[in-house]
Amino acid sequence: MKKAAIYFIVFICALIIAGTSYADNVQNDIAQNIIRLHIIANSNDDVDQQVKLKVRDGVIACMREKTDSLTDKADCESIISDNLDYITDTANRILKENGFNYESAAYIGNFNFPTKRYADFILPPGNYEALRIVLGDGNGKNWWCVMFPPLCFIDGENGTVTQAYKNYLKENLSSDSYEIIQASDCNADIQFKFKIIELYQNMIKK
């Protein structure tokens, strides 16, 4: 009985190690090909939440021309870094035009995100590179999308991802990673793999 118990424990440990390694590899593969946009409101007051969306629209509009046609993540990262002052000025102008006396701060870094659906795709939780814009005290609910590939420039909640964006992801992700992020895929095996990633990422976050 003792041997059976030991074998069972070893088996479970092996499954956990294999599962966590798999989850980590897939999430890293996806994260290496994506840059997200993350805007945090000053507070949860209605006026602060409303101006957050106005800042979102303004930033997306001012960056669209600069990043919409890019096909390389490094190029997009460079353009964002070079335009942080421009992005901050744009956000501050919108805040001022709407009667707010607080300002914004914009920076690019690596941040933790929960599971999020974007049109035809769903991204697992984990760390992703992102342009983060904090409004005022940054104590309110946040809003996010994907700047590269530029999913911010479509209807991220209800629209569809163009074939060009799908091709980019398909060419740059492993076949397993690409299958996993397809939100429309009802394959039970894919859903199980996605759940492994979610459980692992939520576990290491704690």
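Among residues other than T71 with Cβ under 15 Å from its Cβ, the summed charge is -1 (Lys and Arg +1, Asp and Glu -1). Say the cut-off is 27 Å between C-alpha atoms; which of K66/K116; K66/K166; K52/K170; K66/K170; K96/K116; K54/K116 go over it? Pairs exceeding 27 Å: K52/K170; K96/K116.
Between L53 and D89, what FRET efficiency comes out of the Förster formula 1/(1 + (r/R0)^6) with R0 = 22 Å and r the beta carbon distance, rounded to 0.05? Given R0 = 22 Å and the Cβ-Cβ separation, E is 0.70.
Could you compute the FRET efficiency for K116 and K96, with r as their C-beta to C-beta distance and R0 at 22 Å, rounded to 0.05? The value I calculate is 0.15.
Shown is the FRET efficiency for E171 and N127, computed with R0 = 35 Å from the Cβ-Cβ distance and rounded to the nearest 0.05: 0.95. Under the simplified labelling scheme, the D45-T71 pair shows an inter-label distance of 4.8 nm, with each label point 7 Å from Cα along Cα→Cβ.
None of the figures in this text is laboratory data; all of them are computed from the coordinates on show. Predicted model, so just to flag it, every value in this text is computed and none were measured. Ideal geometry is used to build each Cβ from the backbone, glycine not excepted, and the neighbour counts take in all protein chains shown.
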